[in-house]
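First the structure, in the form of structure tokens, and then the observations on it.
The values are calculated or read from the model by the stated rules, or taken from the named source; none is laboratory data. What you see is a predicted model; the values in this text were computed from it and never measured. Backbone-built Cβ (ideal geometry, glycine too); neighbour counts: all protein chains shown.
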Amino acid sequence: MAKIDEAKEMYGKMGVDVDAALEKLKKVRVSMHCWQGDDVLGFDSTELTGGISTTGNYPGRASNPAELMSDIKEALSLIPGDHKLNLHASYAITKEKVDRDKLEPRHFKDWVDFAKENNLGLDFNPTFFSHPKAADNLTLSNPDKSIRDFWIEHGKASRKIAAYFGKELSITALNNIWVPDGYKDVPADKIGPRRRLKEALDEIFTENYDEKYMLDSIEGKVFGIGVESCTVGSHEFYMNYAAKNNKMCLLDTGHYHPTEVVSDKISTMLLFNEYLALHVSRPVRWDSDHVILFDDELKEIGKELVRCDALNRVFIGLDFFDASINRVAAWVIGMRNMEKAILYGSLMPHAALRKMQDNADFTELMVTLEELKTCPFGSVWDYYCEMQNVPQGKAWFDEIKKYEQDVLAKRQKKVLLAV
């Protein structure tokens, strides 16, 4: 008997339909973040700011649109399923210098063409960092009205670009706002900056767009490098703003206190909101944005998304950047692990488990959950990869090593010669 047949039989005894779980996974588009490929530098700046940091200097970093697209395409060839690409505004492709408040859809036409060629959706993020007018980590909350106005125009332009993505690709684009605003030391006034942020957001969201093409989300954070004492856009700020203004909250798995986990927040957020957005990274002590692993928290996120029947209500995006390892491999590891977590959650008899809980059959509940841990999940995952015509197991890494030798190493050689 083939491994997949054995797996189907074993899961079947637990009340799980493996084929139904695989069909569920096939419909999920995970948004792969473009910024892993070039250490978040983008094409309009040379320095990363805004309380964000990337470490390492692994050879072969993409330094232009052609290189970044090549690396993304290589990663996608090793990832099962059809997905989305998450872009920042700083990745505009222009022939002339265009400041961020003047960006237009046409500056992202090359990305739309790339998405069409590779059956991708596109998500978007205005870039409120790595810019001279964000030097003090104050953008939409800046006391200088001219600076606030600049970033308000950037926010408006970004929403227009995201709507263009959705219309061109017939896949709803998520436009996510995160700002680095805050203070290194204890500020004398907190409500003033938050009032300015609220008013700026109100202005950015003035124009209504068809939700079929674009949805807005807003992302909070505990703190960042250089803004340790006060983050203007805190979680409380954005949760209240979203609730009052019918916007979507985005929960980043690294943006909370070390003892908080996003998996525990998902059910509550879904109870009161039609949609939810996630940025999935792996915090080591805090928001260090490590490549996500198939660890306990990722499994819990996958289980929550499935048992809340929310895979069509949650926008799942990844957000990590590691310059100490092969950047293309980092994408593949993260994307495959996110899909594994969703599959893991789908291979559970949630209705039966819920009934045990409601009937206070906690002993059987514990026994069943423990038995599920040793079911042949790996055989089902390998079967899914085979169905999607991508390598199984570790075989995909052979292709990464070949790509590194044929492409990344030569790219690095050019860099060294230029120096």
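Just a few scattered comments:
- Selection count where residues are among the polar types (S, T, N, Q) and in a strand (DSSP E or B), scope region 114-127: 1
- Residue match in region 385-395 (condition: surrounded by fewer than 17 Cβ atoms within 10 Å (Cβ to Cβ), touching a residue at least 40 places away in the same chain (Cβ under 8 Å) and aliphatic (A, V, I, L, M)): yes
- Matching residues, region 219-253, being of a type in the set (G, A, S) and either at pLDDT below 95 or over 27 Å from V291 (Cα atoms) (or both): G224, G226, S229, A242, A243
- Residue list for region 296-334, restricted to those being over 20 Å from W396 (Cβ atoms), in contact with a strand residue (DSSP E or B) (Cβ under 9 Å, 6 or more places away or on another chain) and not small (G, A, S): E297, I301, L305, C308, R313, V314, F315, I316, D319, F321
- When the criteria are applied in full, G334 meets the requirement of being of a type outside the set (K, R), in contact (Cβ under 8 Å) with a residue 12 or more places away in the chain, buried (at least 18 other Cβ atoms within 10 Å of the Cβ) and closer than 14 Å to H33 by Cα.
- Restricting attention to region 157-195, the residues being touching a residue at least 40 places away in the same chain (Cβ under 8 Å), farther than 15 Å from E219 by Cα and among the polar types (S, T, N, Q) number 2.
- Members of region 253-268 that are in contact with a strand residue (DSSP E or B) (Cβ under 8 Å, 6 or more places away or on another chain) and of a type in the set (V, I, T): T253, V262, I266
- Residues of region 80-104 that are within 14 Å of S158 (Cβ to Cβ), outside any loop (DSSP other than H, G, I, E, B) and without any contact (Cβ under 8 Å) to a residue 60 or more places away in the chain: L87, H88, S90, Y91, R100, D101, K102.
- Comparison of A66, A75 shows that the only residue that is aliphatic (A, V, I, L, M), in a helix (DSSP H, G or I) and surrounded by 21 or more Cβ atoms within 10 Å (Cβ to Cβ) is A75.
- Residue count, region 308-328 (criterion: crowded, with 22+ Cβ neighbours inside 10 Å and within 18 Å of S288 (Cα to Cα)): 7
- Among the residues of region 269-287, none qualifies, meaning not one is in contact with an Asp or Glu (Cβ under 7 Å, 6 or more places away or on another chain) and surrounded by fewer than 19 Cβ atoms within 10 Å (Cβ to Cβ).
- Screening region 348-367 for residues that are within 32 Å of the chain's Cα centre (by Cα) and in a helix (DSSP H, G or I) and picking the one that is surrounded by the most Cβ atoms within 10 Å (Cβ to Cβ) gives L353.
- Looking only at region 128-177, and only at residues there that are within 19 Å of I52 (Cα to Cα) and not in a loop (DSSP other than H, G, I, E, B), the one that is nearest to the chain's Cα centre (by Cα): N176
- Residues located in region 9-53, provided they are in a helix (DSSP H, G or I), touching a helix residue (DSSP H, G or I) at 6+ places or on another chain (Cβ under 7 Å) and either buried (at least 20 other Cβ atoms within 10 Å of the Cβ) or among the aliphatic types (A, V, I, L, M) (or both): Y11, V18, A21, L22, L25, C34, Q36, G37
- Single residue of region 279-313 satisfying the filter (under 20 Å from A351 (Cβ atoms) and of a type in the set (D, E)) that is farthest from the chain's Cα centre (by Cα): D309
- Test: residue in region 191-207 that is modelled with pLDDT under 95 and surrounded by 15 or more Cβ atoms within 10 Å (Cβ to Cβ): no
- Qualifying residue in region 365-383 (condition: touching a residue at least 12 places away in the same chain (Cβ under 8 Å), in contact with a Ser or Thr (Cβ under 7 Å, 6 or more places away or on another chain) and over 21 Å from L278 (Cβ atoms)): no
- Under the condition of being in a helix (DSSP H, G or I), under 20 Å from the mean Cα position of the chain (by Cα) and of a type in the set (F, W, Y), the residues counted in region 236-278 number 1.
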